[in-house]
Structure formats: structure tokens, C-alpha cells
Amino acid sequence: MTLWRNLVVALVAAFALAACSSSDNGTDTSMSPPTDPPPTAAEMELEELKEQIAALREQLGIDESDDVGASITELQNTLAALQKQVDDAQDEKDKMAAEAAAKDAVALFDGITDDTNLTVVVGTAGNNGVADEDGVGGMASVTATGLTPGVGGDEVTKSAEPVLGDWQGTMLTDSIAADAATNPGTSSTVVVYTDIEAPKPVPFGDVHRLDGNGNLAMDADADADPHVGLISASAFTHTGRVNHDPDPDSATDVARIRGMFNGAAGEYRCTAATATTCGSIESSAGVRLTAGWIFDPDSGAMAIMADPSFAYFGWWLNKGTTEGVEANVFHGVTDGTGDDELLGLATAATFTPLGGTATYSGSAAGKYALKPSLSAASGGHWTADATLTADFGTEAANGTISGMVENFMAGGEMMDWNVALGATVLTDTAGFDTGDDTGNPTSNNAVVWTIDGVDGAVAGAWSGNLRGPGDNNVPTVATGMFSVTHQAGTETVVGQMIGAFGAHLDE
């Protein structure tokens, strides 16, 4: 097609230049000598175009005696026919993609509110957790049970999701191939957003409990040993089990091995009675040591400490199970300090006297499905901004909390949606749940989804918690979730949405 276009362009240019070169330039040449003037630039260009046309004639098989105009018309018709074939093929491809997307959306619509026995446990990246490629970077570990095939093991694909404000996202996917005609393959996806901070170096003794001599005792050999995954030494890099003999040059019968523990340099020593009891064992979880070993950190050694307390929210999706498609959301906090001192729930004694108001800004994510008709159905995951306003009330009356989810993005496009989270009562421990709220009429505390300026019928529910007492016991973080449908008046429900959110106290 490029050759045909070149031919048309060349012919048009040639005709134009020929016309220019044959016109009278108005100069009187009656007294000029009969010498040939040098070719003009236009004449030179015309000759070049004639050569190009001749070459194109040869390539396209157009003989000198053929009507060039008819040939051009024929070529243009052929070009138009080929372009129509390409357009038709693209239209069919787009149609098939739209039908597939509509089918997926309908399946998601039917499964978006299913309640399955899913448990998502989010913790700091550790022994069996999910860390980034260098073992650092603030990613949380995620264990999900109740999914098919589940998220866990070596087959999990991990990828970073775009940051949502203060929240770092991680997507975990797992899948298995088709194993029967009735089960054409299954896949599970979990997306979790956390405000976890990157691990930090801290003095070794601030992370690990040392004995009176400044040493860390190793636990006995066991897969559940919390030290597994933190032990590192070249002498421990082997297959199976190796017994480490005491140093023959040492005055004491002690096996000594230089190495690292949780990022800190030091010396491993085994004081067991015989060498056969000073063993190191290869393990899929990491090096395991037999009883009798201690680790003596170097002076000033620093250990790597993961963020022990953080909030999280996210969604999960099951596809291809016997139930079809299932999706839901989750939220919560992880407090590795063990005493909830950082992200614990409030107590009535500290929360009810607060008074005043506070706002929380953050992000939200979840799944949606729209089914106005099969051809126009759509579905997938979304992200948005979330804002909450808490009125702490008085000691005589509980406060309330309300919110708004807006600036939705789905499929790479901005959606003209917003979701209003109606005011619901705060409990004495800063929790809230419209399902348990009998203090307000349903129309006040319901969730409403607005699409293109059209409010859906009053529907939905939301719940969550304020946590982390900060200055003057004001909670510093909020997490929660909601579900909502879209229905214009008494018409059929055409939209399903679930979402979870996390927000921090505005300064």
C-alpha cells in the first residue's frame, strides 16, 4: 500500500512540476544566444520524479502503454477494500473482547457479595512472608486461606501495585491449570495496601533478648523456630545436616563460626558436649541449628527491625471455582508489639471524654460490576480517595462518623462516581457498624452510590474502627469496608460494589 501511495504522490507532483516548467517565465530571449540554459531546480526535481515513477511502474507491473489514471483508480479501490478488511477484523476483535468483558462482569456481578470462608492474615515480612526482592522495602507478608488454589507457596506471583497516597500496594496471584472439563482452571488474587514502613537498623539488644553475657540463645531445631530465616553463615551453606567439630586449636571445646543474624555480624558458638550435637540443618524455611548454639553479636552490631505495627486494607478475588466467581474485601491492623500499644482499640475511659471532631484522609480499593445490559456490562477493580469525619460527641451521648469515597479510577479511566457513607454511631471503643446501629434511621446511615450524577436507591452497609491513640488520645488511623448496590428508584439493581479503605488523621 505504501508503494501505491508513493505512486499517486509522485504522479501528482510530476504533473504539477511539468506544468510549472513549461510555462512562460516572461523573459525576453530574442537577443539571447542559442545556448541551452542550465536546468532549473523544478526541472531537476521533475526528472527525479519521472525516474521514481518509472521504478514504481516496474515494481507494480504497470506497462508504459497502460492508462496510469485507471491503474491509480484500481489501486485506490484495492487499498480501500483491504482497509475495510482490516477495519472489519478489528471490529470483530473489539466485539469479541466486549462480549468477553461483559461475560466476566456478569459473573463478577453474581459473585461480588458471596460470603466464603476466606481468611487473610497480614504480617511483617518474615520467615514465610512476602518481601521485596532484597528482603526489604516495607512489604507485608500475606497468607490467605480459603481461596482456591490459595495464595501461598512458591507459585505465587508477586507484584507491586501503584502507591495510593500513604498506602503501598502488593498484588499476589496464584493459579492452576485446567484439571477437568467442569473446572477450566482456577486463579486467586489478593491485593493488600499497607502503611508499613521499611525495616530499620536498631541496636541488636533492642530487637532480641540477650542473656547476662550479651549472647542470644538459639532455639532447638524446629521448623517453627522464630530464628529460622535469620541465620546466615558460609559454614551453614550445605545440603542436609552437617555436624561442626570444635576448633582443634582452641583451648576450649567450642565450635566457632563467623556469620550474620538478622543483619548483624557476630560469632556462632556451640558449647554442646560433643561435636555430633553441634549440627546445622538445611531447611526450606532457612538454616536450622541444634540445641546448644548461641550467637554473640559484635560490639555495636545493629539488627534489622521490621515495622511491628501497621494498618492494612484490600480485596480478594476467586475465579474458576465450582462456585464461579467470588470476591470480597478485608481490613485490619497488625501489631507486633504484642500489647496493642500502637494500634489498639480505644477504651471507653479514654475515648468517650474526647469531644470535638476530626477528619481522616486516605484511600480505598475494591471490586465493582455493572449490568445495565449484557452488551454494556463492565466490571473490575477500582481505586479512589476516602475521607472520614468523626464527631466524638459528648460523655453523655456517643458520637458519629461519616465519609465519602470519590475520585474513582477503574480500567485506567476516571469514573463519574462517588459513594456516600452515611453517619453511623461510634461505640465506646471507637468502632462503627451500620448493621449494629439502631440509633439512626436507615436512610441516614446507609451507603449511597452515585453514577453520572444519578443517586442509587438507599442501600448498602459499612463498618470499621478508629485505632491508634495519639495526642490527647485522639485515634490516628481508620480502616473499614463497605458494600453498596446501584438501583434507580424501583428498577432492577444494575450495580454491585464492595470496597475497603484506610485513612490517617489529618494534621
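The values are calculated or read from the model by the stated rules, or taken from the named source; none is laboratory data. On a predicted model such as this, the values are computed, not experimentally measured, just so you know. Positions of Cβ are generated from backbone atoms using ideal geometry, with glycine treated the same way; all protein chains shown enter the neighbour counts. With ligands, DNA and RNA removed, areas are computed over all heavy atoms of the protein, side chains included. Shrake-Rupley method; radii C 1.70, N 1.55, O 1.52, S 1.80 Å.
Things to note:
- Restricting segment 260-308 to residues that are within 34 Å of the chain's Cα centre (by Cα) and without any contact (Cβ under 8 Å) to a residue 40 or more places away in the chain, the residue that is surrounded by the most Cβ atoms within 10 Å (Cβ to Cβ): Met260
- Any hit, segment 467-479, residues being modelled with pLDDT of 90 or more, outside any strand (DSSP E or B), within 18 Å of Gly403 (Cβ to Cβ) and among the aliphatic types (A, V, I, L, M): yes
- Just one residue in the set Val202, Val190, Val228, Val254 is closer than 30 Å to Val329 by Cα and at pLDDT 70 or above; that residue is Val190.
- Inside segment 404-417, residues that are open to solvent by 50 Å² or more (accessible area, probe 1.4 Å), touching a residue at least 24 places away in the same chain (Cβ under 8 Å) and part of a strand (DSSP E or B) make up a count of 2.
- Checking each residue in segment 363-403 for being more than 21 Å from Trp417 (Cβ to Cβ) and buried (at least 21 other Cβ atoms within 10 Å of the Cβ) picks out Ala390, Phe392, Gly399, Thr400, Ile401.
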